[in-house]
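First up is the structure itself, then whatever we jot down about it.
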Amino acid sequence: MVCIIAGSRLCTKEEVFSAVEQSGITKEISEVVWGMCPSGGDLYGKQWADEHGICVVPFKPEWDNIDTPN
């Protein structure tokens, strides 16, 4: 299962790790999409995946390109 782990930049590592573990789907996650934010929920989602040997796929947002469809 592909999973996005994201959240506020104010999230702590403990909050994100706990939320992922409490989701009950950790054994089904085969890939984590990382929004590349260097802090908060995105970063800790990536760290969780790294610590569990799960593939991380970076997804760079195009904040400056308002012409990108969808």
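The values are calculated or read from the model by the stated rules, or taken from the named source; none is laboratory data. Values in this document were obtained by computation on a predicted structure and should not be read as measured data. Heavy atoms of the whole protein, side chains included, go into the accessibility calculation; ligands, DNA and RNA do not. Shrake-Rupley method; radii C 1.70, N 1.55, O 1.52, S 1.80 Å.
Probing with 1.4 Å while keeping every protein chain in the model, the per residue accessible area of the stretch 21-70 equals 72 Å². Springs between Cα atoms under 10 Å define the GNM used for the chain, and in it the highest mean-square fluctuation of K27, K46, K60 occurs at K27. Please list, in chain and number order, the residues 5+ apart from W34 or on another chain whose amide H is under 5 Å from its amide H, with Hs placed from the backbone. When sequence neighbours closer than 5 places are left aside, the close amide H contacts are V57, F59. The heavy atoms of I66 present about 150 square angstrom of accessible area, all protein chains included, probe 1.4 Å.
Working note: 222 nm ellipticity from helices only, DSSP H runs with n ≥ 4, each -39,500 (n - 2.57), summed and divided by the residues of the chain, gives -9500 deg cm²/dmol to the nearest 500.
Within the same chain, lysines fewer than 8 places from K60 are excluded, and of the rest, those with a Cα less than 25 Å from its Cα are K13, K46.
When the accessible area of the chain is split by element with a 1.4 Å probe, what percent falls to carbon and sulfur?
Working: 2800 of 4990 Å².
Reported share for carbon and sulfur atoms: 56 percent.
Comparing S18, S30, S39, which has the greatest mean-square fluctuation in the GNM of the chain with Cα pairs linked when under 10 Å apart? Result: S18 has the largest fluctuation of those listed.
At q = 0.13, 0.28 Å⁻¹, work out log10 I(q)/I(0) for the chain with the Debye formula, treating every Cα as an identical point scatterer and leaving solvent out; two decimals please. Calculated log10 I(q)/I(0) at the listed q: -0.37, -1.28. Helix 13-22 and the longest principal axis of the Cα set of the chain meet at an angle near 70°.
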